[in-house]
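Input: a single structure, listed below in structure tokens.
The values are calculated or read from the model by the stated rules, or taken from the named source; none is laboratory data. The shown structure was predicted, so the numbers you read here are calculated from the model rather than taken from an experiment. Here Cβ is always computed from backbone atoms with ideal geometry, including for glycine, and neighbour counts include all displayed protein chains.
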């Protein structure tokens with residue numbers, strides 16, 4: 001098992017520390033709250049000579065991802081970081097990075113998209129890019145941020161995958177909060193991720209390639225099909241990386257985390273930091289004899305349908321909490337995906353949706369307990385008053 005030490009760090013600081021241990025060849029980035037401290041801390045590592053990374057300050061997030069694409073296509077291990085409107089400004093090239101099958105790793109500090117202008121947490125930024133072809137990992141705390149960034153490098157560069165990866169954490173809630181984080185030894189991290197050996201490179205003059213050509217009716221469809229197959233294969237390949245991570249560091253990761261689901265009659269499904277709040281509520285309810293459970297998806301892309309369906313197979317009613325609104329009239333993105341995942345199951349729970357926390361609105365234990373009370377009634381009666389609910393909003 002790897003040597004480790006415990007250090008108090010914020011989520012942004014530990015993201016930068018993970019990047020230092022990875023020591024990518026190139027980092028191109030532009031600052032935006034609440035991500036700025038990631039690149040600021042990493043830039044200090046560069047300035048102090050602690051990494052040999054080529055640090056490229058650019059004039060916008062669009063330029064940052066464009067520079068990353070050029071570097072990755074040339075065969076460099078490449079990383080960046082962003083939030084909210086910065087991710088939105090990258091939109092065009094975010095799709096190009098995935099379509100060109102470039103293994104870029106990007107910590108994303110989740111923040112509400114404008115307008116109105118808001119610098120606090122919700123998931124509208126990364127959820128807006130959910131169909132861009134990037135793998136997406138959502139983290140509950142700083143420890144998960146740290147370990148997920150290390151794993152993300154192995155995932156992105158796996159020859160059966162070759163897709164970029166977003167590692168998401170909640171803006172200010174985890175990005176600026178100090179927690180005790182277990183940090184692994186530099187050499188062990190380097191050994192785990194290994195040397196990057198790109199399958200293709202623009203600088204390999206003996207094996208010339210073209211990147212980003214015009215791709216009309218003759219081949220575009222086939223290339224999209226290959227992307228789709230890569231995401232499907234990721235579901236098969238990523239568990240191998242989980243196993244290797246556990247063998248190296250003694251820590252087990254999965255596509256989902258279940259908490260007290262084995263005999264649960266009702267459950268909440270939620271991403272990122274709110275899962276910590278919900279876990280405490282589950283314990284309180286269990287002490288009162290209520291069979292409550294929690295399911296936390298770690299990965300949203302690839303969507304772990306089978307794991308989620310199995311995790312929720314015994315419950316009678318499920319509340320899916322979305323920290324973003326898809327404006328479809330049919331609820332949030334996590335709700336839509338989970339309903340689809342359960343559709344073919346012979347025995348499936350009743351599923352209701354709660355939109356919560358937009359723009360950084362706090363969610364308290366009392367709010368979560370209210371949700372459990374309402375789904376207990378659904379489980380008892382078999383009836384839902386509202387399919388889509390808004391939790392903690394002034395109506």
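Does residue 100 qualify as being over 23 Å from residue 131 (Cα atoms) and in the same structural domain as residue 211 (by TED's automatic domain parsing)? Considered against the rule, which asks whether it is over 23 Å from residue 131 (Cα atoms) and in the same structural domain as residue 211 (by TED's automatic domain parsing), residue 100 comes out as no. Across region 130-149, the qualifying residues are those that are over 11 Å from the mean Cα position of the chain (by Cα) and surrounded by fewer than 23 Cβ atoms within 10 Å (Cβ to Cβ), and the one among them that is farthest from residue 194 (Cα to Cα) is 131.
Would you be able to say whether some residue in region 301-316 is at pLDDT 95 or above and in a strand (DSSP E or B)? Yes, region 301-316 has at least one match. Per the conditions (1) part of a loop (DSSP other than H, G, I, E, B); (2) more than 23 Å from residue 91 (Cα to Cα), the sole criterion not satisfied by residue 5 is (1). If we scan region 211-234, do we find a residue that is surrounded by 17 or more Cβ atoms within 10 Å (Cβ to Cβ), under 16 Å from the mean Cα position of the chain (by Cα) and at pLDDT 95 or above? The answer is yes; a qualifying residue exists. Residues of region 375-395 that are within 29 Å of residue 306 (Cβ to Cβ) and not in a loop (DSSP other than H, G, I, E, B): 375, 376, 378, 379, 380, 388, 389, 391. Just one residue in the set 365, 359 is over 18 Å from the mean Cα position of the chain (by Cα), on the phi > 0 side of the Ramachandran plot and surrounded by fewer than 17 Cβ atoms within 10 Å (Cβ to Cβ); that residue is 359.
Taking the criterion of being over 17 Å from residue 123 (Cβ atoms) and part of a loop (DSSP other than H, G, I, E, B), the residues of region 334-374 that qualify are 343, 344, 345, 346, 347, 348, 349, 364. When region 41-59 is filtered for residues that are surrounded by 13 or more Cβ atoms within 10 Å (Cβ to Cβ), under 19 Å from residue 88 (Cα atoms) and either at pLDDT below 95 or out of contact with any helix residue (DSSP H, G or I) (no Cβ under 6 Å at 6 or more places or on another chain) (or both), only 57 remains. For residues that are over 15 Å from residue 135 (Cβ atoms) and touching a residue at least 60 places away in the same chain (Cβ under 8 Å), scanning just region 241-256, find the one that is surrounded by the most Cβ atoms within 10 Å (Cβ to Cβ). Top of the filtered list is 249.
Selection of first residues in region 167-180 that are at negative phi and of second residues that are surrounded by fewer than 16 Cβ atoms within 10 Å (Cβ to Cβ) and not in a loop (DSSP other than H, G, I, E, B), restricted to Cβ pairs under 8 Å at least 6 apart or on distinct chains, gives the following pairs, ordered by first then second residue: 178/8; 179/8; 180/6; 180/7; 180/8. Among the conditions (1) within 19 Å of residue 148 (Cβ to Cβ); (2) in a loop (DSSP other than H, G, I, E, B), the only one that residue 52 does not satisfy is (1). Filtering region 153-190 to residues that are within 30 Å of residue 209 (Cα to Cα) and surrounded by fewer than 20 Cβ atoms within 10 Å (Cβ to Cβ) leaves 158, 159, 160, 190.
Checked against the criterion of being over 16 Å from the mean Cα position of the chain (by Cα) and either touching a residue at least 24 places away in the same chain (Cβ under 8 Å) or under 25 Å from residue 273 (Cβ atoms) (or both), the candidates 112, 76 yield just one match: 76.
Just so you know, in region 75-87 the residues that are in contact with a helix residue (DSSP H, G or I) (Cβ under 7 Å, 6 or more places away or on another chain) and at negative phi include one that is surrounded by the most Cβ atoms within 10 Å (Cβ to Cβ), and it is 79.
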